[in-house]
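Some notes on the structure that comes next.
The values are calculated or read from the model by the stated rules, or taken from the named source; none is laboratory data. Everything numeric here is computed off the predicted structure, so don't read it as measured data. Ideal geometry is used to build each Cβ from the backbone, glycine not excepted, and the neighbour counts take in all protein chains shown.
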Amino acid sequence: MIIGIIPARSGSKGVSKKNIKLLGGYPLIAYTIAAAKQAKEIDRVIVSTDSKEIAEIAKTYGAEVPFLRPKEFATDNSPDMDFILHALDWLKENENIEPELLVHLRPTTPLRDPELIDSAIQSIKKNNKATSLRSAHEMPESPHKVFEIKNGFWVGLFPNDPRPEYYNLPRQTFPLAYHPNGYVDIIKPDFVRKNNSLHGPRMLAFITPVSIEVDQPEDFEYLGYIINKKGHKLYDYLKSNFPEKKITPMR
């Protein structure tokens with residue numbers, strides 16, 4: 001069995017109630033649920049949340065919420081390993097299920113193509129050496145051209161690079177670099193349990209189109225602009241299957 005798991009905790013510092021904030025008239029999480037439901041390779045779609053409000057909204061859009069995540073696994077500092085192991089343990093103890101794969105889909109990357117999710121799953125199925133799969137898109141600039149600040153001055157991130165002022169070299173001088181984007185990450189539960197590691201040393205590379213991740217209010221504005229001007233298949237799916245409605249916060 002292949003399970004899509006969507007983590008959606010209640011706390012968010014950058015954007016209040018980010019996972020259920022409306023984007024184009026629908027809660028942000030609805031887009032990820034829609035993508036997972038349309039992916040042919042995914043058998044079940046489960047949302048892991050500590051919030052009853054998010055749970056009810058997730059179920060409205062077709063996800064399962066068989067459990068609530070304990071608050072201690074839903075803090076700002078909680079690693080992904082916490083909610084992954086909690087979900088795996090719950091499924092084992094309550095349903096006697098150990099998934100073949102967990103497809104980790106972050107709601108903060110809302111605009112996906114379900115066919116790419118299927119392609120990623122098919123890729124890791126064919127690669128026995130992979131300990132996991134992670135998605136990323138190509139960065140416009142190499143990290144070699146990026147600075148940090150020390151004592152008020154710009155310094156390069158690669159102090160051991162022997163080339164003088166290497167950060168001023170043409171970008172073509174450096175290897176291509178990729179930014180992990182949460183589009184689709186795939187975890188092997190058997191590997192996780194045996195090694196206490198989510199991704200392991202052989203993360204299969206899966207390149208996606210550039211994807212906007214929601215961290216600030218401005219990201220919602222930009223994504224709304226994209227949907228209104230260019231449309232998107234997930235937005236069309238939601239409009240066809242669910243009426244737009246405002247979410248009334250639970251008291």
Within the range 211-226, does at least one residue satisfy the condition of being charged (D, E, K, R), assigned by TED's automatic domain parsing to the domain that holds HIS104, closer than 30 Å to LYS92 by Cα and touching a residue at least 24 places away in the same chain (Cβ under 8 Å)? no
Exactly one of (1) in the same structural domain as ILE212 (by TED's automatic domain parsing); (2) over 22 Å from TYR183 (Cβ atoms); (3) modelled with pLDDT of 95 or more is unmet by ASN128. Its number? (3)
Restricting the search to the range 170-225, which residues are touching a helix residue (DSSP H, G or I) at 6+ places or on another chain (Cβ under 7 Å) and among the basic types (Lys, Arg)? ARG171
Among the residues in the range 60-76, are any at pLDDT 95 or above, surrounded by 14 or more Cβ atoms within 10 Å (Cβ to Cβ) and out of contact with any helix residue (DSSP H, G or I) (no Cβ under 9 Å at 6 or more places or on another chain)? no
Residues (surrounded by 21 or more Cβ atoms within 10 Å (Cβ to Cβ) and acidic (Asp, Glu)) located in the range 183-213: ASP185
In the range 86-109, residue surrounded by the most Cβ atoms within 10 Å (Cβ to Cβ) [restricted to those that are within 21 Å of MET1 (Cα to Cα) and under 17 Å from the mean Cα position of the chain (by Cα)]: LEU105
